[in-house]
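What follows is one structure encoded as structure tokens, with my remarks underneath.
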Amino acid sequence: MGLGTEILIILILGLLVLGPKQLHTLLGHVARAKAQFEKATLGLKSQLASEIEVAPANSKFDGSHDSDGI
């Protein structure tokens, strides 16, 4: 059973349990939550990328080792 089949079964069960109006409302809420999650993820990725670009310039750790062997 593929992922598409499982999603279809879940949607059919949701339609039977909730009805068409409530299922439509629930799917709208899920879509908005997914969009907010993707927006937050994109913001986090861009923030991490900018921190990674800035970090080597400001870092005390230049890749060389200390003279005491640690």
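Sort out which residues of segment 1-27 are of a type in the set (D, E, K, R) and loosely packed, with under 10 Cβ neighbours inside 10 Å, and write them in order of number. Of everything in segment 1-27, just one residue is of a type in the set (D, E, K, R) and loosely packed, with under 10 Cβ neighbours inside 10 Å, namely LYS21.
Scanning segment 28-37 for any residue that is polar (S, T, N, Q) and at pLDDT 90 or above turns up at least one such residue.
The values are calculated or read from the model by the stated rules, or taken from the named source; none is laboratory data. Keep in mind the model is a prediction, meaning the values are calculated, not measured. With ideal geometry, Cβ positions are generated from the backbone for all residues, glycine too; neighbour counts draw on all protein chains shown.
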